[in-house]
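A quick write-up on the structure given underneath.
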Amino acid sequence: MKKVGKIILFTLLGLVVLSTFVFLFNKSKPVETTFEIVSPSIGSIENKTIATGKVEPRDEILIKPQISGIISEVLKEAGEKVTINEVIATVKVIPEMSSLNSAESRLRVSEINLKQIEMEYARQVQLYNDGIISKEEFDSSEASYKKAQEERTNAQDALDIVREGVSKKHANLSNTQIRSTISGMILDVPVKAGNSVIQANTFNDGTTIASVANMNDLIFRGNIDETEVGKVSEGMPITLTVGAINSEKFDAILEYISPKGTEQSGAVLFEIKAAVSVPDSVFIRAGYSANAEIVMAQVKDIITLPESAINFENDSTFVYVLKEGLPKQEFERRAIEIGLSDGVQIEVKNGLTLEDKVRGNEVSKSKR
């Protein structure tokens, strides 16, 4: 039994020694690395930037009353279209007691004055017909009578304006009827019947009755980072993607870049505006979020190569070109001149042809 045990022990020892030699032999073999092979191709490269913002009407007009009072009726709702001078709502005037009292007093005084002058005028007419007074005296009396009539009419109009907000002879110009100042679509009607409103004046903006805008004249309003604002200019074409309408893209033209930036979350952003072209078949609501894609530089029909295949060293760029006809991969280093890059593909101006094959990313490592 002892003999058998020794044989097994020596056998195991021999296997361990053999395994060690095999491991060391395999480890000493040179490692062969295999690379992906890429070929230059003809293509186009665009250098773009994205600006975020929203689509809104170029001009949104706030309709405000020219008289204070209470909304008696709202005739339009948000989403409806209106034409210029179309009535949106009506206002009932609540007269101020002191103004009402003054207007009533003025009317009573004018009536008393008119009655007195009217009797005097009647006497002057009779005297003139009898040839007692001259034509000059009669004309003076007639002028006084007409002035008294005009004063009584003005006093009545003033009272009507205090009570109703408009006089009878100017009923078609009533400022109790709130009219649209432009043709377009009503975006919002923030008041309801019964709400009190204040007229627009030098001390108060007034209560907004409605906001109206021309929805056929839209702009994109967004922000662009300070690192890219110097690369864009007015007149550049923009491709607009609206968040609510992902299936379509819209053309726009950059027409404004703010000369002053604002700091937001540690970054300086500059406002931009672009005129949007919207087909008649598409309806874009005011305030839709959108992304503007601005092409800052573009080259077409040039030799391109994946940027991952390019090696950068100081101010030089080079690639490793595959040597043809060899049993294994071998490469030669070659300097090239590059151009525009989009982060994935890069333009090759000099140093490569379409027939060259370039070393790409490492694929695997194997031992001989």
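Per-structure values
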| quantity | calculated |
| --- | --- |
| Modelled FRET efficiency - R0 45 Å, Glu120 with Lys92, Cβ distances, 0.05 increments | 0.60 |
| Value at 222 nm in deg cm²/dmol, rounded to 500, when DSSP H runs of n ≥ 4 in the chain each add -39,500 (n - 2.57) | -9000 deg cm²/dmol |
| Compactness relative to 2.2 N^0.38 Å, alpha carbon Rg of the range 209-355 | 1.53 |
| Of all accessible heavy-atom area on the range 172-261, the percent that carbon and sulfur account for (1.4 Å) | 47 |
| Mean accessible surface per residue for the range 182-261, computed with a 1.4 Å probe while every protein chain stays in place, in Å² | 54 |
| Gain upon complete extension [Lys147, Ser72; 0.36 nm per residue less C-alpha separation] | 23.3 nm |
| Percentage relative contact order, the range 130-289, counting C-alpha pairs under 8 Å, at least six apart | 16 |
| Virtual spin-label span in nm between Gln199 and Ile182, 7 Å along Cα→Cβ | 2.5 |
| Rg over Rh, two decimals, the range 293-368 (C-alpha only, Kirkwood Rh) | 1.03 |
| Separation in nanometres of the label points that stand 7 Å from Cα toward Cβ, at Glu263 and Glu111 | 7.1 |
| Kirkwood Rh and Cα Rg combined as Rg/Rh, the range 121-161 | 1.22 |
| Proportion of all alpha-carbon pairs of the chain beyond 39 Å (%) | 59 |
| Ranking by accessible area, most exposed first, for Arg152, Arg106 with a 1.4 Å probe | Arg106, Arg152 |
| The range 130-158-the range 213-232 distance, computed between alpha-carbon centres (Å) | 67 |
| Potential lengthening between Leu62 and Ser102 on full extension [0.36 nm per residue; Cα-Cα distance subtracted] | 11.0 nm |
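The values are calculated or read from the model by the stated rules, or taken from the named source; none is laboratory data. Computed from a prediction, not measured in an experiment: that's the story for all the values here. For neighbour counting, all protein chains shown are included, and Cβ atoms are generated from backbone atoms with ideal geometry for every residue, glycine included. Keep in mind that these areas ignore ligands, DNA and RNA; they rest on the heavy atoms of the full protein, side chains included. Shrake-Rupley method; radii C 1.70, N 1.55, O 1.52, S 1.80 Å.
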